[in-house]
Amino acid sequence: MKKIENFEEIKASGDFDSLKPGGYVCTLMEAKDESDKEYLKVSFDVAEGEFADYYRNLYKAMNFWGGVFIRSYKEKALSMFKGFIKAVEESNVGYVWNWDESTLKGKKVGLILQEEEYVPTGGAHAGELRTRLIVQKVVNIETIKSGKYKVPELKKLDKYTGPTVQTQPTAPQPVNISNDDLPF
């Protein structure tokens, strides 16, 4: 195996603190309009405090950007969309929403993150009860800095019966392996 340069300086995957539910001053990294679905897909990162650049560091370590939320502008969600825009305007002196999502890049806003339960449908943890952080509310940054917000409790799934168990075993499938296929 090729020696990896600066291996001693690389943090092991379990060596960094996970982001916790709470209020954070964040920077909007990008907003993409998904016009056919009528929503903005917004990427963000923590801008201040102990977890500043959390998602940037996660991306460097694991090639995964986890700081994303959706803001729908469908008719039934317009009040939430307006609340999002109002929070961005209040948090960025002189900024006025002009219906161009690219102008959101670099703007600051307050985000309240809540933990929720979910069950992945694919991957290594398919069928397992897991938790993740979601953007529960978008507020102006003064709300976060003043501490005048409440972090909601864990959002639990209504029903979870555990991983799906196969009730009828399947017959083992024959595998043809030659000595050339063995990795050692």
(Q) As an exercise: evaluate residue 50 against (1) surrounded by 13 or more Cβ atoms within 10 Å (Cβ to Cβ); (2) assigned to a loop (DSSP other than H, G, I, E, B); (3) among the acidic types (Asp, Glu) and give the number of the one condition it does not meet. (A) (1)
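Pick from 99, 65: which is part of a loop (DSSP other than H, G, I, E, B) and at pLDDT below 95?
Numbers: 99 fails: at pLDDT below 95.
Answer to the check: 65.
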**Q.** Filtered residues of the range 127-144 (kept if in contact with a strand residue (DSSP E or B) (Cβ under 7 Å, 6 or more places away or on another chain), open to solvent by 30 Å² or more (accessible area, probe 1.4 Å) and of a type outside the set (Ser, Thr, Tyr))
**A.** 129, 130, 132, 133, 134, 136, 137, 140, 141
Q: Write out, first by first residue and then by second, each pair whose Cβ atoms fall under 7 Å of each other, whose residues are 6+ apart or on separate chains, and whose first residue, in the range 37-53, is over 13 Å from residue 109 (Cβ atoms) while the second is at pLDDT 95 or above and open to solvent by 80 Å² or more (accessible area, probe 1.4 Å).
A: 38/74; 41/32
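The values are calculated or read from the model by the stated rules, or taken from the named source; none is laboratory data. Just so it is clear, the structure is predicted and the values come from calculations on it, not from any experiment. Positions of Cβ are backbone-derived with ideal geometry, glycine not excepted, and every protein chain shown enters the neighbour counts. The accessibility values were calculated without ligands, DNA or RNA, using every heavy atom of the protein model including side chains. Shrake-Rupley method; radii C 1.70, N 1.55, O 1.52, S 1.80 Å.
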